[in-house]
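Data first, discussion second: the structure below is written as structure tokens.
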Amino acid sequence: MAMAKNFLTILSATVIAFSAILLRSRLSTTSTGRWAEVFAADVVVVDATIYTSDPVLPFAEAMAIRNGRILRVGNYSDIKMGHLELRGVKSQDKFIEKVKEAMRGKLPGEWVLGSGWNNDIWGGDLPIASWIDDVTPNNPVWLSRMDGHMGLANTLAMNIAGISKYTHDPIGGTISKTMDGEPTGLFADSAMKLLLDVIPEASVNDRRDALIKASKYALMRGVTMVVDVGRYFPGETVDHVWKDLSDVYRWADSAGKMLIRVCLFFPLQTWSSLAALIQENGRALSEWLYLGGVKAFFDGSLGSKSALFYEPYEDDPNNYGIQVTDFDWLLNMTLACDKSSLQVAIHAIGDKANDLVLDLYHSVASSNGIRDRRFRIEHAQHLVPATTARFGQQRVIASVQPDHLLDDAGSAEQKIGAIRAQTGSYLFQSLLSSGARIAFGSDWPIADINPLKSIKTALTRRLPNWKTAWISSERIALDDALNAYTISAAHAIFLDHEVGSLSPGKFADFVVFPSTSWEEFADDVPTTVFATYINGVQAYP
């Protein structure tokens, strides 16, 4: 099949995104043509504007595909199920109304689960159980904040979990209480486990169905590969991630139901199990399923005031954030992982957390010697300005999510002060200028999986109703944003030999967008996908 140029832009899709662009005008079903004949291709894309993410040949006009992989590139002469969505709720009244609406059809005792609320939108006051107790008298409720580091339970849920004024904060977490010591319903970081432990586990069939639905949604957004770091946080059981591998991913892989490629990360404390699995099977379980590395947490989030900073929160002068994992334990675990050649990714949001994780990585590298580690820091949202150079010097990947700045831009100055916010928040351009490698992602479902929306955020750093950019000096160029979502994202999981650019030998995964030219695409990056291809075969629509 040959694909001729129309008004399409194609991006080869990869980790949490895509990895090349093509501009389309019409589709031809013929298989004739010089490329098809000479290279015995199954699919030939011709007369197109293709952004490849390959520095050797950034742009091309044609691409030949055979057996699902790219043969030659050159010139032709994206769910949620039964889930209460609270993102965008702007008032206490609307919050309560949404919870009340979710009660319709619920049987007594049935859990109500939701997420996405952001108290900064309605002025900063955190929700408490009494807001929703009257409308949820017979149903336990758990509602996660948009950053996933805090949640609200109603009184019934707390009773089921055995939470009372005598319940102490667990290590790495906090239970919010009134002046009288009564729990308010808010639980942060590892304290959330107290509630999550009593929520019934989704069935295997539900989780399998969720994978299929989520994969279809990802394809709709132009995403052909994702990194799944698992449903784990400090204090939570590590079993969920491994059950998902065996019960969901391996089932889908063996049944031929995988729709997108997935690279899996596992809780750090289970590193030896991962090392043994990789030694037995290698990193590629199939062309769809890959074993990545391990992940750990060092602090919380800005929105929940649990990100770890050198200075206290502006509106909470006794609070510096939470270090959710012991440094020495984390260091020893990382040393052991690194000796087994496992990749390590650590969550760090606050400036102090980032510096301490960089210190840890430096110590490990010094102890274990030189090798290609590709250590990752997940988020790297708030940095002391001088820290950006350390990422480049230490070759640590900044795994960042541009759309998170949309949630922080309006409230960061209130939380950490104008100077700290303006000089140290989401320093994308500074990281690039210092020689650091940045990999873009979404942190879905905390933020939407749409890479194009995220790219626009990185280019403009402007909220929908804002006329000026937030820290305009940290805006980045289009090619840098595309590369961060493609070849750099693939590099960040050691899969840049398979995906990340439209280069000979790599999987023919790409997306097509409705733009008439590269100039039009660059002038106004589209937010919708015309088509998504995997292995050279149309997977969406």
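The values are calculated or read from the model by the stated rules, or taken from the named source; none is laboratory data. Owing to the predicted nature of the structure, the values given are computational and were not obtained by experimental measurement. Ideal geometry is used to build each Cβ from the backbone, glycine not excepted, and the neighbour counts take in all protein chains shown. Note: areas computed on protein heavy atoms with side chains; ligands, DNA, RNA excluded. Shrake-Rupley method; radii C 1.70, N 1.55, O 1.52, S 1.80 Å.
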Set of lysines with alpha-carbon distance to Lys257 below 16 Å, sequence-local pairs under 8 removed: Lys213, Lys216
For the chain, the per residue accessible area (1.4 Å probe, Å²) is 40 Å²
In Å², nearest 10: area of Trp271 left accessible to a 1.4 Å probe: 60 Å²
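What order do Ser53, Ser286 take when sorted by accessible area (1.4 Å probe), most exposed first?
Details: Ser53 5, Ser286 30 Å².
Result of the area sort, largest leading: Ser286, Ser53.
I'd like the carbon and sulfur percentage of the solvent accessible area for the chain, probe radius 1.4 Å, heavy atoms only, ligands and nucleic acids excluded. Mind dumping the intermediate values first?
On the way: 11070 of 21690 Å².
Solvent-exposed carbon and sulfur of the chain make up 51 percent of the total.
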How many angstrom lie between the C-alpha centres of region 348-371 and region 126-191? 34 Å
Multiply the residue gap between Asp315 and Asp125 by 0.36 nm, knock off their C-alpha separation, and tell me the result in nm, one decimal place. 67.2 nm
Test of understanding: what is the full-extension gain from Asp326 to Lys94, defined as 0.36 nm times their sequence separation minus their Cα-Cα distance? 79.6 nm
What's the FRET efficiency of Asp247 with Asn159 using the Cβ-Cβ distance as r and R₀ = 45 Å, to the nearest 0.05? 0.90
If R₀ is 35 angstrom, what is the calculated FRET efficiency for the pair Ser340 and Ser254, using the beta carbon separation as r and rounding to 0.05? 0.80
Expressed in square angstrom to the nearest 10, the accessible area of Met146 with a 1.4 Å probe stands at 20 Å²
Lysines within cross-link reach of Lys106: Cα-Cα under 16 Å, excluding same-chain residues under 8 positions apart? Lys98
Just how much of Ser473 is accessible, in Å², when a 1.4 Å probe is used and the result is rounded to the nearest 10? 90 Å²
Compute the distance from the alpha-carbon center of region 457-477 to that of region 507-530, in whole Å. 21 Å
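Before rounding to the nearest 500, sum -39500 (n - 2.57) across all DSSP H runs of length at least 4 in the chain and divide by the residue total; then give [θ] at 222 nm in deg cm²/dmol. Intermediate values should be presented prior to the final figure.
Details: 20 runs with 161 residues, N = 541.
About -8000 deg cm²/dmol.
Pairs Lys177/Lys305; Lys193/Lys243; Lys100/Lys467: which are spaced more than 24 Å apart, C-alpha to C-alpha?
In this structure, Lys100/Lys467 exceed 24 Å between Cα atoms.
By the scheme Lys and Arg +1, Asp and Glu -1, what is the net charge of all other residues having a beta-carbon under 14 Å from that of Ser411?
Working: positive: Lys90, Arg145, Lys305, Lys415, Arg420; negative: Asp120, Asp125, Asp147, Glu314, Asp315, Asp316, Asp407, Asp408, Glu413.
Neighbourhood net charge equals -4.
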Toy charge model, Lys and Arg Cβ at +1, Asp and Glu Cβ at -1: the chain dipole around Cα centroid in debye, rounded to 20, equals 1260 debye
Run the simple label-point estimate for Asp448 and Asn67 please: 7 Å along Cα→C-beta, distance reported in nm. 4.0 nm
